[in-house]
Amino acid sequence: MSMHTYMETNMQHFLQLLETSVNMDSPSKNKRLGDVMAQWFAQQFEALTGGKAELVANPTYGDQVRCTVGDGDKQILIIGHYDTVWPEGEAARRPFSVQDGKAYGPGVYDMKAGVLQAMFALRGLVQLNRLPADKKIVLILSSDEEIGSPTSRELVEQEARRSMASFVLEPPSEPLGALKTWRKGSGHFTLRAHGVSSHAGVDHQNGVSAIEELSRQIQFVHSLTDYEKGTTLNVGLVKGGIGSNVVADYAEAEVDVRFMTIAEANRIEQVVRALQPQLAGANIQVSGGIRRPPMERTEETDRLFSLAQAISRDELGFPLQESGTGGVSDGNFAAACGSPTLDGLGARGGFAHSPDEFVELSEVPIRTALLARLIEEV
């Protein structure tokens, strides 16, 4: 039996579990609900695959889940997350539903369907006696990916360093369902300008405007954008001052940075941290830094994608394409640890982080089979 056929015969079971998971709220910052979700996914993994799932204690957010099946010496890492952007009560307000071949509900697309696809891919390999004896599969489900993976990054990196390949369950790039072979890295800086306050009408000449200082810094920061290199800097939030008739003594700005290579990341960080005040009497402070390294496309990535492309063409009957994105995922961490990484192996659908998010159910067997076959052949 092909993996595609196997998954088609298991779709009813898949849908039952998808409905249950989507109807369980799991917001990133709610430890109580996160722990319940983590326990549920751990139980499903063991029931579906016969493998072992352990909860990695987390005092801040929901516990992380580390699942393993197989005991070979070649490790493959699968990376997912169970947290969503939706608050407690969202599932009750708009529970799981299926209409016109699409599944709807909070977190269905990002990424509860993708997580279950991975579990069913492993289930198929086990039940069909096709899990390679020389391989060990580790599935990490983090609880805080949507807020930057502050507590799960270390676990992902630890397993990535041991892995010959890493597969990420984020959705593919639409409208073509392309896998992601590169992602930009990201950074975040806060610029704080200090000046001297004064009355804008009576004593303007003795004031030093922190807002003017910050405006000059913003112009310089934006000038560092270089589209040819794939480098962008964006000041997306500015605040300062207490009134139009007061020369402001404080202002701050939040800066988003994206880059293609770690060398460029280091260069930009050095430039931003070296900012100097441009007005006499003003002071500028810089905090923050690089948050996620880039997921750079390598020769090993190319070989992984070529394998996926051959499987999709020769066995599943569709032309698989590749793409990249300025968005980030936990795949950034895995790739930076030297593990060849393919991203976008999750569910097809659309409208992530929107009340309209959905999953194309007809694509679930195809994408599940693709992941299973990659695990077999890599």
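To the nearest 500 deg cm²/dmol, what mean residue ellipticity at 222 nm is calculated for the chain from DSSP H runs of n ≥ 4 alone, each contributing -39,500 (n - 2.57), summed and divided by the residues?
When only DSSP H runs of four or more count, the value is -10000 deg cm²/dmol.
Output the 0 to 90 degree angle, nearest 10, between the alpha-carbon long axis of helix 31-49 and the longest principal axis computed from the alpha carbons of the chain.
30 degrees
Using 7 Å Cα-to-Cβ label points, what is the residue 11/residue 154 separation (nm, one decimal)?
Distance between the two pseudo-spin positions: 4.4 nm.
Kirkwood Rh over alpha-carbon pairs of the chain, then Stokes-Einstein at 10 °C and 1.306 mPa s: what D in µm² s⁻¹, rounded to an integer?
For these conditions, the coefficient is 71 µm²/s.
Applying 1/(1 + (r/R0)^6) with R0 = 41 Å to the Cβ-Cβ distance of residue 128 and residue 273, what FRET efficiency is obtained, to the nearest 0.05?
With a Förster radius of 41 Å, E is 0.15.
If I compute solvent accessible area with a 1.4 Å probe over the protein chains, what percent of it on region 37-163 is carbon and sulfur?
Answer for region 37-163 is 44 percent, counting heavy atoms of protein chains only.
I'd like to check one number: the per residue accessible area of region 1-122, probe 1.4 Å, reported in Å² as a whole number.
On a per-residue basis, 39 Å².
If the elastic network links every pair of Cα atoms under 10 Å, which of 38, 200, 160 fluctuates the most in the Gaussian network model of the chain?
Of 38, 200, 160, the Gaussian network model singles out 200 as fluctuating most.
Please give the helix 210-223 orientation as an angle from the longest Cα principal axis of the chain, in degrees from 0 to 90, rounded to the nearest 10.
So the helix axis and the longest Cα principal axis differ by about 50 degrees.
Which of 318, 167, 259 moves most in a GNM of the chain, Cα contacts under 10 Å?
Taking springs between Cα atoms under 10 Å, the residue moving most is 318.
Counting only heavy atoms of the protein chains, get the accessible area per residue of region 179-307 (1.4 Å probe) and round it to a whole Å² value.
51 Å²
Among 289-302, 79-92, 213-226, how do they line up by average Cβ neighbours within 10 Å per residue, starting with the highest?
Peptide ranking by packing, descending: 79-92, 289-302, 213-226.
Which residue, 281, 346, 185, tops the fluctuation ranking in a GNM of the chain built on C-alpha contacts under 10 Å?
Among 281, 346, 185, the largest mean-square fluctuation in the Gaussian network model of the chain belongs to 281.
Given a Förster distance of 25 angstrom, what is the FRET efficiency for residue 263 paired with residue 219, based on the Cβ-Cβ distance and rounded to 0.05?
Calculated transfer efficiency: 0.50.
Ignoring ligands, DNA and RNA, what percent of the 1.4 Å accessible area of region 297-360 is carbon and sulfur?
Result for region 297-360: 48 percent of the exposed heavy-atom area is carbon or sulfur.
If you plug each phi of region 373-378 into the Karplus form 6.51 cos²θ - 1.76 cosθ + 1.60 with θ = phi - 60°, what whole-Hz ³J(HN,Hα) values come out, in order, with x for Gly and Pro?
In residue order, the calculated couplings are 5, 4, 4, 5, 9, 5 Hz.
With θ set to phi - 60° and the Karplus curve 6.51 cos²θ - 1.76 cosθ + 1.60, what are the ³J(HN,Hα) couplings of region 184-192 in order, to the nearest whole Hz, using x for Gly and Pro?
Along region 184-192, the couplings run 5, x, 9, x, 9, 10, 10, 9, 10 Hz.
Reported to two decimal places, what Rg/Rh ratio describes region 229-378 when computed on Cα atoms with Rh from the Kirkwood expression?
1.14
Which of the three applies to region 166-235, rounded, prolate or oblate, going by the alpha-carbon gyration tensor with a ≥ b ≥ c and a/c under 1.5 meaning rounded?
Because a/c hits 1.5 or more and a/b exceeds b/c, region 166-235 counts as prolate.
Between the helical axis of 262-273 and the dominant principal axis of the chain, each derived from Cα atoms, what acute angle in degrees is found, rounded to the nearest 10?
Between the helix axis and the principal axis of the chain, the angle is about 30 degrees.
If the cut-off is 25 Å between C-alpha atoms, which lysines fall inside it for residue 229, apart from same-chain ones fewer than 8 positions away?
Leaving aside lysines fewer than 8 places away in the same chain, those within reach of residue 229 are 180, 184.
Show which aspartates and glutamates lie in cross-link reach of residue 135 when reach means a straight Cα distance below 15 angstrom and same-chain residues fewer than eight apart are skipped.
71, 73, 159, 376, 377
Percent of accessible area on region 183-234 owned by carbon and sulfur, 1.4 Å probe?
Percent of accessible area from carbon and sulfur atoms in region 183-234: 49.
Can you work out ³J(HN,Hα) from phi for every residue in region 96-108, in order, using Karplus 6.51 cos²θ - 1.76 cosθ + 1.60 and θ = phi - 60°, giving whole Hz and x for Gly and Pro?
Values, residue by residue: 3, 8, 10, 9, 6, x, 10, 9, 10, x, x, x, 4 Hz.
Based on the Cβ-Cβ distance from residue 286 to residue 60, what FRET efficiency comes out when R0 is 41 Å, to the nearest 0.05?
With a Förster radius of 41 Å, E is 0.95.
Taking the highest mean first, how do the peptides 190-198, 357-365 order by number of other beta carbon atoms within 10 angstrom per residue?
Highest-to-lowest ranking by the protection proxy: 357-365, 190-198.
Would you list, by chain and number, the lysines whose Cα falls below 27 Å from the Cα of residue 31, excluding same-chain residues fewer than 8 positions away?
Straight-line reach from residue 31, under 27 Å: 52, 112.
Taking every DSSP beta bridge with both residues inside the chain, roughly what % is antiparallel (nearest 5)?
70 percent
The values are calculated or read from the model by the stated rules, or taken from the named source; none is laboratory data. For clarity, every value in this text was computed on a predicted model and none was experimentally measured. Glycine gets a Cβ as well: all are built from the backbone with ideal geometry, and neighbour counts include every protein chain shown. Quick note on the areas: whole protein, heavy atoms, side chains included, nothing else; ligands and nucleic acids left out. Shrake-Rupley method; radii C 1.70, N 1.55, O 1.52, S 1.80 Å.
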